[in-house]
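The values are calculated or read from the model by the stated rules, or taken from the named source; none is laboratory data. Note that the coordinates shown come from a computational prediction; the quantities given were computed from them, not determined experimentally. Cβ placement follows ideal geometry from the backbone for every residue including glycine, while neighbour counts extend to all protein chains displayed.
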Amino acid sequence: MTPRRVTRLARSTSHWGKPWLAMTGRFQTLRGDFGGLKPQPALEFECFRAQALGGGNSVGDQLPPRGRLDPAAYDLIGAVYAQLEAAEPFYENSTPLVQVGITTSGTVRLDGDETAKSDEGAIQMCEEAHYECSLLEAESSFDELELVILGDSTTLTPDFVAKLRAFYQRGGKLLIAHKGGCDAEGRWALDFLPIKLEDEVEMFPAYWRTAASFSPDLARTDRVFYQQGLVVSAPGCEVLVERVLPYFKRDDVRYCSHLQTPPRPESSGQPVVVAGERFVYFADPIFRKYRQAGNIAARDAWRLAIKRLIGPAPFGDGLATTVQVYPRRRGEDLLLTLLHYVPVRKALNIDMIEERGSFAGEVLRLPAGVREVRIFGTQEKLPPAPEGGFVLPTARGRLLLEVSGFFALINER
């Protein structure tokens, strides 16, 4: 199972309040890869991430026919388990601090692998921007959430629409992508938002033309979006991005250039990204596209949209996208797990993690008023950064941080 799918499953269960177990293996590739031993940083990342999300760990092995276990495998497992054990007091009696809920994009109309890409893309965007998130189901509570994301193909029931309406009316924020606001028949179901679905875009790949007021950087050139989007209207909404069509739709007989037809000089006038009161809507399937092809322009527009709705991430805004931040609460204390492990495509068949990434030079930004951050275990204080925040040490791989009395401080404010 890929790391992204493991994360998706963990984020759909870790907020249930039930014990759960992450399963991986000591093998470099798949189960039964005798003689294959994954690098220790790879196993650390898999196990540390599960622990940070509130889960236990199971590392699989298989017994060879000779009936004797591989000692090198248990050297590896033991080295990682010793670190997990040492961190158990840090996580004891703590709960996750989920800020963003993501509705699953699963639907009978689409292949399960395609809808999984949407869920994984939304989670990936949240992790890279350092917003703590979880996957929602019909029974999930919205009480602690600031924002609900409706994924590319979320199918809404009447009861769930009523739940979303109540959340929105009491001040909650919504970010919707593509058909994420539709019912089982594919009709727009969020009647409290001024969005109308008219048709599907016939000429694609099409292009995004961004308003300079939304993003001066994205506005410098038209950005391609490969997958088919929707033609929509949004009366009274602010248009953040318009669609620019290609000169013609490329086929086997009629084509231009090596990949896709270039954009026309004039805009089609079709809105792609619109903003209203406490919501932003994307007419294209941004999450699936980011997971499939890494469309950075779509990711950056999403990041600006989420900041517009709920502000910067409270824990870790500005850190590198490769650093993962997992906030938890224990009593009045804030607990932060920072992981820095970067998969590298060194081979045709597998991504590998052989090195632990450093935190040196990064600045941890926290809400105003925080005066002290300590490293778990050593109780060493992080030095303040001149521009605000705290300077992270030269540690590699994992960093466990404690902010004592954080929630008492926030409540006072």
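Structure values in brief
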{"item": "Residue that is surrounded by the most Cβ atoms within 10 Å (Cβ to Cβ) [pool: residues in the stretch 122-156 that are among the charged types (D, E, K, R) and assigned to a helix (DSSP H, G or I)]", "result": "GLU127"}
{"item": "Pick from the stretch 351-381, criterion loosely packed, with under 14 Cβ neighbours inside 10 Å and among the charged types (D, E, K, R), ranking: nearest to ALA86 (Cα to Cα)", "result": "GLU380"}
{"item": "Selected residue (only one of VAL231, VAL201 is assigned by TED's automatic domain parsing to the domain that holds GLN292, under 16 Å from ALA283 (Cα atoms), surrounded by fewer than 19 Cβ atoms within 10 Å (Cβ to Cβ) and not polar (S, T, N, Q))", "result": "VAL231"}
{"item": "Residue within the stretch 252-263 that is charged (D, E, K, R) and either part of a strand (DSSP E or B) or within 30 Å of THR103 (Cα to Cα) (or both) present", "result": "no"}
{"item": "Some residue of the stretch 382-394 being in a loop (DSSP other than H, G, I, E, B), surrounded by fewer than 13 Cβ atoms within 10 Å (Cβ to Cβ) and touching a Ser or Thr at 6+ places or on another chain (Cβ under 8 Å)", "result": "yes"}
{"item": "Qualifying residue in the stretch 140-148 (condition: over 22 Å from TYR226 (Cα atoms) and under 14 Å from the mean Cα position of the chain (by Cα))", "result": "yes"}
{"item": "Residue match in the stretch 302-314 (condition: part of a helix (DSSP H, G or I), among the aromatic types (Phe, Trp, Tyr), touching a helix residue (DSSP H, G or I) at 6+ places or on another chain (Cβ under 8 Å) and modelled with pLDDT of 95 or more)", "result": "yes"}
{"item": "Top-ranked residue in the stretch 213-227 [being among the polar types (S, T, N, Q) and free of Cβ contacts under 8 Å to residues at least 40 places away in the same chain; ranked as nearest to VAL273 (Cα to Cα)]", "result": "SER213"}
{"item": "Filtered residue count, the stretch 368-386, keeping only those that are touching a strand residue (DSSP E or B) at 6+ places or on another chain (Cβ under 7 Å) and free of Cβ contacts under 8 Å to residues at least 60 places away in the same chain", "result": "11"}
{"item": "Residue in the stretch 332-350 that is surrounded by the most Cβ atoms within 10 Å (Cβ to Cβ), counting only those that are in contact (Cβ under 8 Å) with a residue 40 or more places away in the chain and in a loop (DSSP other than H, G, I, E, B)", "result": "TYR341"}
{"item": "Residue check for ARG165: touching a Phe, Trp or Tyr at 6+ places or on another chain (Cβ under 7 Å) and modelled with pLDDT of 90 or more", "result": "yes"}
{"item": "VAL59 being of a type in the set (Val, Ile, Thr) and either assigned by TED's automatic domain parsing to the domain that holds MET352 or at pLDDT below 90 (or both)", "result": "no"}
{"item": "LEU174 vs. criteria in a loop (DSSP other than H, G, I, E, B) and modelled with pLDDT of 95 or more", "result": "no"}
{"item": "Verdict on ARG328 being under 24 Å from GLU85 (Cβ atoms) and either modelled with pLDDT under 95 or not assigned by TED's automatic domain parsing to the domain that holds ASP119 (or both)", "result": "yes"}
{"item": "Residue selected from the stretch 275-295 under the condition aliphatic (A, V, I, L, M) and buried (at least 23 other Cβ atoms within 10 Å of the Cβ), by the criterion farthest from THR154 (Cα to Cα)", "result": "VAL280"}
{"item": "Residue ID - nearest to the chain's Cα centre (by Cα), chosen from residues in the stretch 351-374 that are in a strand (DSSP E or B) and either closer than 22 Å to TYR91 by Cβ or assigned by TED's automatic domain parsing to the domain that holds LYS38 (or both)", "result": "LEU364"}
{"item": "Neighbours by Cβ (under 8 Å, 6+ apart or cross-chain): first from the stretch 263-278, acidic (Asp, Glu); second buried (at least 18 other Cβ atoms within 10 Å of the Cβ)", "result": "GLU266/VAL244"}
{"item": "Leading residue by the ranking (farthest from the chain's Cα centre (by Cα)) among those in the stretch 395-412 that are farther than 15 Å from THR337 by Cα and not hydrophobic (A, V, I, L, M, F, W, C)", "result": "GLU412"}
{"item": "Matching option when the condition is within 28 Å of GLY60 (Cα to Cα) and touching a residue at least 60 places away in the same chain (Cβ under 8 Å), among PRO96, PRO89", "result": "PRO96"}
